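Enquirer: Input: one structure, supplied below.
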Protein chains: 6
Amino acid sequence: MSLVKPVEYEDALPAVRAVYDNIMSTRRVMSVNNFWKVLANDPATLARTWNEVKEVMQPGALDALTKEMIYVAVSATNNCEYCIYSHTAAARKAGMSDAMLAEVLAVTGLANKTNRLASGYRVPVDAAFLSKS
Amino acid sequence: MSLVKPVEYEDALPAVRAVYDNIMSTRRVMSVNNFWKVLANDPATLARTWNEVKEVMQPGALDALTKEMIYVAVSATNNCEYCIYSHTAAARKAGMSDAMLAEVLAVTGLANKTNRLASGYRVPVDAAFLSKS
Amino acid sequence: MSLVKPVEYEDALPAVRAVYDNIMSTRRVMSVNNFWKVLANDPATLARTWNEVKEVMQPGALDALTKEMIYVAVSATNNCEYCIYSHTAAARKAGMSDAMLAEVLAVTGLANKTNRLASGYRVPVDAAFLSKS
Amino acid sequence: MSLVKPVEYEDALPAVRAVYDNIMSTRRVMSVNNFWKVLANDPATLARTWNEVKEVMQPGALDALTKEMIYVAVSATNNCEYCIYSHTAAARKAGMSDAMLAEVLAVTGLANKTNRLASGYRVPVDAAFLSKS
Amino acid sequence: MSLVKPVEYEDALPAVRAVYDNIMSTRRVMSVNNFWKVLANDPATLARTWNEVKEVMQPGALDALTKEMIYVAVSATNNCEYCIYSHTAAARKAGMSDAMLAEVLAVTGLANKTNRLASGYRVPVDAAFLSKS
Amino acid sequence: MSLVKPVEYEDALPAVRAVYDNIMSTRRVMSVNNFWKVLANDPATLARTWNEVKEVMQPGALDALTKEMIYVAVSATNNCEYCIYSHTAAARKAGMSDAMLAEVLAVTGLANKTNRLASGYRVPVDAAFLSKS
């Protein structure tokens, strides 16, 4: 149960409907997910977040699939149930196979392990890394 | 200053030297980084971790560059200074441009934001995501 | 299902009942939440934690509402389901509107994003910040 | 040492200069912090992030000081050195005393503790919290 | 519902069955937990992870119970529901009483609190700690 | 540089001196660490935190060494530089060898990895774990 009530299309203010319409036409889908319906209680955050998602997740120097897999890796690190489900679905739509998902999570697990070994032992950064920056 | 003293090649046990040699020949470099020198105080963890890095980070369903960028995203999420420097260097060696790094971090930042919006509002997972699993 | 059985008032030791009574009279409620009933298996931690909550969350240099909103922001960052629900309820009781909750979570989301941009890029702390400390 | 070189005003593209000018006039300061100079390598992220900071952190249902204190609490939870220094400075400018900072961090510490007690014991959410949502 | 289907023994490849058999004989149990059944979709990660668990969690300089309690403390810090349940069960099997669990979580809660106080205030590391390293 | 100035013994209020004296006599040392000197700006938090450390970290169902090692594991997970150094020092004083530290960090690393595999794959909790709770 969300902290605030999801806003359905028929009850939405015009500014919210405009965002919903843009999400549906951009993604070629017939409805919007719960994430957007909950954010809609705060129309400014809804619009700002959707615009950022659209801008950041579009193909650029990285393709859309790579970006979605990075999203899954971060969401698994933070244990965000909603985001793991929704971005795994988006990544699969963009072409992620089960074998690719397995590698995303294997790298995520390994990075979370070595992050703690490096931080836990207080390993000093190699001079070579710093001079190259 | 690390919690235990880094182990230099000339002071290393044969089992540690074998790992160092394997790291250097696999990566075609002339020395090993501080991370491995610190882990070498625990030869079993050194060998196990290196074998895992070699196995997980090799090209498979995902190419090596994509894997390194996921590593950077997780390390930035966890704020592991050592890992951010070392895996950015590895990703650059594998072909990551500054424009690609910028997109890795833009996605990482966005995911960390929406992870908290979704978890903070307790957004319920859409039925469609669950049924597809 | 909690790892240890919640302790109901009628089954509680006198030391636990004394804490329950203090919670109920301080908060002017007729029962205590599951958090306290679970902690009650460890009476010393129950008493210590309740005393800390009472001391830290009382109005001081900051009013009670501001403190509850900070609690929500931290709990959303850590994705603690129980704490998000309970401290949102407490904040609402202290006067938090839906518009205020939306701003708490918008700031929380933004801070989680820029935390990763600053840490991910390894932005050096400005000299001005350090000299002022 | 940051992963990419900070962009100084004199070397900045017109689009970046426009953001720098807006930061300086909005905040009535004579220079911009390192965070913005590093982000400037990615002008789209610079503009988007600055616009979000300006929109989210302006007084609304919450005043600017409360928002800055929430920012400090989240940044302390995530251990973001840069953000702790910069947002403590911003909060102080907005009126935060040392006594208020002490309470922000006392609440932050307490919330991080009880978050783990609640999650660690798997305390079930009280029915009353769910029905009120 | 997991992101990939758990693999039951009767449907498993020989390489997966070999790991399942090893888990069951090592732990003297008649079935394997869901964690392994889900990992089995990626046989290399299944084998590597099981071998690491077996090697790291066996008695060494620390006994098995101490190791399981550390696992619980980390899992509570990260709020991993699955791992909290499974490693609490393992710790109890190894002799952890409810009083010991209470102390594990009391230390975990306290450490999460003081971690934020120390990081939030930017307390400088005492020279004595560094010189001893 | 800390956010507030450390309080030296000679400048301390009587209530702060009393805590410093108690720390020094309890630990049989001639001075207090920076953590306490910084907290001393907020005498109530200083006293409350010291009393909690003294109560929680004393031998009980778990011995002092086990508690300090759990503290190190949590601090490494959260990447708290100050706490890693100070609690490693405390654990060594209580008898932790380098081999024991290596195992603490190996378990910490492994737990951080499997936490993300379990959460990332959304592995359902086994019925057996729930029924035993």
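The values are calculated or read from the model by the stated rules, or taken from the named source; none is laboratory data. As the structure is a computational prediction, the values presented were derived from the model and not from experiment. Reconstructed Cβ throughout: ideal geometry from the backbone, glycine too, with neighbour counts over all protein chains shown.
Condition check ((1) β-branched (Val, Ile, Thr); (2) within 7 Å of another protein chain (Cβ to nearest Cβ); (3) touching a helix residue (DSSP H, G or I) at 6+ places or on another chain (Cβ under 9 Å)) across all residues:
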site: D:Glu52; (1), (2), (3): no, yes, yes
site: D:Gln58; (1), (2), (3): no, no, yes
site: D:Ala61; (1), (2), (3): no, yes, yes
site: D:Ala64; (1), (2), (3): no, no, yes
site: D:Val72; (1), (2), (3): yes, no, yes
site: D:Thr77; (1), (2), (3): yes, yes, yes
site: D:Glu81; (1), (2), (3): no, yes, yes
site: D:Ala90; (1), (2), (3): no, no, yes
site: D:Ala94; (1), (2), (3): no, no, yes
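Enquirer: Which condition breaks for C:Gly95 when tested against (1) on the phi > 0 side of the Ramachandran plot; (2) part of a helix (DSSP H, G or I)?
Expert: (2) is the only condition that C:Gly95 fails.
Enquirer: Further, regarding this structure: Counting only residues that are more than 19 Å from E:Asp42 (Cβ to Cβ) and without any contact (Cβ under 8 Å) to a residue 12 or more places away in the chain, how many does segment A:86-110 have?
Expert: Total satisfying the criteria: 2.
Enquirer: Do we find that D:Asn79 is under 14 Å from the mean Cα position of the chain (by Cα), at positive phi and modelled with pLDDT of 95 or more in this structure?
Expert: Spelling it out, D:Asn79 is indeed under 14 Å from the mean Cα position of the chain (by Cα), at positive phi and modelled with pLDDT of 95 or more.
Enquirer: Another question, then. Among the residues of segment A:23-35, are any part of a helix (DSSP H, G or I), surrounded by 15 or more Cβ atoms within 10 Å (Cβ to Cβ) and at the interface with another protein chain (Cβ under 10 Å from one of its Cβ atoms)?
Expert: Checking segment A:23-35: at least one residue is part of a helix (DSSP H, G or I), surrounded by 15 or more Cβ atoms within 10 Å (Cβ to Cβ) and at the interface with another protein chain (Cβ under 10 Å from one of its Cβ atoms).
Enquirer: Also, I was wondering about something else. Just to be sure, is C:Ser86 over 18 Å from C:Phe35 (Cα atoms), part of a helix (DSSP H, G or I) and among the hydroxyl-bearing types (Ser, Thr, Tyr)?
Expert: Answer is no for this residue.
Enquirer: Further, regarding this structure: State all residues of segment C:19-33 that are without any contact (Cβ under 8 Å) to a residue 40 or more places away in the chain and under 18 Å from C:Tyr82 (Cβ atoms); if no residue qualifies, say none.
Expert: Result: C:Ile23, C:Arg27, C:Val29, C:Ser31, C:Val32.
Enquirer: Where residues in segment C:96-131 are facing chain B (nearest Cβ under 9 Å) and among the β-branched types (Val, Ile, Thr), which of them is farthest from D:Ile84 (Cα to Cα)?
Expert: C:Val104
Enquirer: Before we move on, is B:Val16 touching a Pro at 6+ places or on another chain (Cβ under 8 Å), assigned to a helix (DSSP H, G or I) and either in contact (Cβ under 8 Å) with a residue 40 or more places away in the chain or away from chain F (no Cβ under 12 Å) (or both)?
Expert: Against the criterion (touching a Pro at 6+ places or on another chain (Cβ under 8 Å), assigned to a helix (DSSP H, G or I) and either in contact (Cβ under 8 Å) with a residue 40 or more places away in the chain or away from chain F (no Cβ under 12 Å) (or both)), B:Val16 qualifies.
Enquirer: Another question, then. Please indicate, with yes or no, whether at least one residue in segment D:111-122 is part of a helix (DSSP H, G or I) and among the aromatic types (Phe, Trp, Tyr).
Expert: Checked against the condition, which is being part of a helix (DSSP H, G or I) and among the aromatic types (Phe, Trp, Tyr), segment D:111-122 yields no hits at all.
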